[in-house]
Amino acid sequence: MTNSGSDPVDDLLAPDKQAILVLYYVEGLTVPELGFVFGIPPGTVKSRLHASREELKRLWQQDLAETGNERRRRQEDPRRHG
């Protein structure tokens with residue numbers, strides 16, 4: 001996974017967390033297959049998938065909150081409309 005700047009996830013998650021999510025959701029690898037690829041037991045794969053999803057969710061919520069705060073500031077200060 002290289003950071004080409006084209007995918008917002010590249011800027012959010014660590015490469016190991018990106019890898020497990022992409023391999024699972026995009027490439028369609030199963031939990032046992034991911035275990036084989038990473039050399040870890042299936043339970044650890046599930047734990048890492050969960051942790052990666054939770055971190056991504058937290059980061060997206062944080063980004064949405066910051067975007068909403070900026071939108072509110074623009075609405076409160078008409079000079080900021082650009």
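So here's what we get for this one:
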{"read-out": "Extension gain (nm, one decimal) between THR67 and GLU55, 0.36 nm per residue minus Cα-Cα", "value": "2.5 nm"}
{"read-out": "Point-charge dipole on Cβ atoms (K/R +1, D/E -1) for the stretch 8-80, about Cα centre, debye to 20", "value": "360"}
{"read-out": "For the stretch 8-80: rounded, prolate or oblate by the Cα gyration tensor [a/c cutoff 1.5]", "value": "prolate"}
{"read-out": "14 Å reach of a label modelled at LEU12, 7 Å along Cα-to-Cβ, counting backbone N of the stretch 48-71", "value": "51-67"}
{"read-out": "Whole-Hz ³J(HN,Hα) from phi, Karplus 6.51 cos²θ - 1.76 cosθ + 1.60, for the stretch 12-21, glycine and proline x", "value": "9, 9, 5, x, 5, 6, 4, 4, 5, 5"}
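Laboratory data are not the source of any read-out in this text; all were calculated from the coordinates shown. Being a predicted model, the structure only gives us computed values, none of them experimental. As a convention, Cβ positions derive from the backbone with ideal geometry for all residues, glycine included, and neighbour counts pool all protein chains shown.
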